[in-house]
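The values are calculated or read from the model by the stated rules, or taken from the named source; none is laboratory data. Everything numeric here is computed off the predicted structure, so don't read it as measured data. Here the Cβ positions follow ideal geometry from the backbone for every residue, glycine too, while neighbour counts run over all protein chains shown.
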Amino acid sequence: MAQRIFFATSEVYPFSKSGGLGDVMGALPAAMQNNGQQTAVISPLYGRISTGNFRIRPTVSDLPVGYPWAPITANVYETVHHGVPHFFIDRGEYFDRRHYYNDPVHGDYFDNAERFIFFCRAALALLEHLGVPPYMVHAHDWQTALLPVYIHFLRRSNPFWANTGTMFTIHNLAFQGRFSSRLFAACGLPQEAWNFNGVEFFGDFNLLKSGIAYADAVTTVSPSYAREILTEKFGCGLDGILRQRELNLHGILNGADYAIWNPEADPYLPCQYSEQDMSGKQGCKDNLISELGLDPELKDRPLLGFIGRMRGQKGIDILNAIIPDLVRMDVGIVVLGEGNPIHETIIRELMEAHRGRVAAVIGYTEDLAHRMQAASDLFLMPSRYEPCGLTQMYALRYGTLPIATAVGGLRDTIIPWPGDNSTGFIFTEPDPLDFLKTIGQAVQFWTRNPVGRREMIRRAMRQSFTWDKSCREYIDLYRKIRLRLDQ
């Protein structure tokens, strides 16, 4: 086997997905392969994994893992997608569940620490079983954050790992995998890792902090977010350790997978369209208005879309607070997402109160997300923070002008109105009044300046956030890491 970059992730599209991480891991390894790298992906074999269109075959049986008790083993399955081998770690009591990380009613699974410590150790066991030391192990988010830590300490005692580089990417600093200190005792790390500059965090075992502390390089998913998380405001309590690692912290903007998100060839759309021929976008809008039971008069008024988790980060409460004001602007609002039951209940009540003007679908389906992107005229992202964001990239490509907070990757991807190069609308503070004011400006622009609107839409659709530039930045960092290790 050639030198290979192994991506470790808790989800990967099209097999598993709860959000942007799944999309990124579905696209980045294939893009790296197209840029001359040998890649592979390791993720859990969930009970709800999407296997219908893929031949997933068993490849390793009873692989010794030894956690959380000595005889425990894992089975490994494999398939190839877009030329990239995908390995799936199977252990039924950990991964054969309806949801990936939590139950919507009861919250996070009580054994999430054990589940993903097991996954990390099984991934290490698999890599040794394959017999060729990886060129790089690239871990993503707290669920895989222990991999760089294990490898850091294994280099001392196991020659197999002596020259394997590690990179850790933070997709969302707020989700840290913080657990009781008792779980450290059996995880297989030496006692010296338990310190303020290591895996310990105010007496708890913090998996995300562990990856930050021990990876050869730490990245996050946009340049602006990399700067923001060094501050107390956005650092989620980890700004101290991040400032310690600042020289090894890099912001690399995510890309969009235009093979999937492309209105010219999107199989989910009732009408396809392009920058040159936009007529299909109106057809998509008319179709969605009919599908969701909205007032037909909205076909000639702005349709505002929101797709995202119903959590405070995404600002769903900020949107809910102004929906009555938006209805008075004579616009339509469509919402797709799931999350906090309180936010879900409020949006349902708003839909009942404003039937024909507000439509909300609780849950997430890929096909409806595509149809909503195409049908909406303006796309709402009142995020309190946004490490990168992918939906605004999709919105731009679909000619749906984003209205977003000036944070993280939103700042890096949207050129704000007014201006000759503008592609969307930006507001500074994630509060209802600032959001409402900016929506009002966007609605006025949309209705009163049809020529300017068409020009902005075309500029938006010409924006390109492919993975190629990101891949070059990752490859350059990989090389620098290996040079340091080889010295």
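Miscellaneous remarks
- Total residues in segment 225-241, condition out of contact with any Ser or Thr (no Cβ under 8 Å at 6 or more places or on another chain), assigned to a helix (DSSP H, G or I) and either surrounded by fewer than 23 Cβ atoms within 10 Å (Cβ to Cβ) or not assigned by TED's automatic domain parsing to the domain that holds ALA145 (or both): 4
- Test result for SER18, modelled with pLDDT of 95 or more and either surrounded by 14 or more Cβ atoms within 10 Å (Cβ to Cβ) or not in a loop (DSSP other than H, G, I, E, B) (or both): no
- Restricted to segment 302-344, and to residues there that are free of Cβ contacts under 8 Å to residues at least 40 places away in the same chain, of a type outside the set (Val, Ile, Thr) and closer than 21 Å to ARG448 by Cα, the residue that is surrounded by the most Cβ atoms within 10 Å (Cβ to Cβ) is ASP330.
- Within segment 90-127, restricting attention to residues that are assigned to a strand (DSSP E or B) and under 21 Å from the mean Cα position of the chain (by Cα), the residue that is surrounded by the most Cβ atoms within 10 Å (Cβ to Cβ) is ASN102.
- Residue check, ARG454 in contact (Cβ under 8 Å) with a residue 24 or more places away in the chain, part of a helix (DSSP H, G or I), surrounded by fewer than 19 Cβ atoms within 10 Å (Cβ to Cβ) and not polar (S, T, N, Q): yes
- Considering residues of segment 177-205 that are part of a strand (DSSP E or B) and touching a residue at least 60 places away in the same chain (Cβ under 8 Å) only, the residue surrounded by the most Cβ atoms within 10 Å (Cβ to Cβ): PHE205
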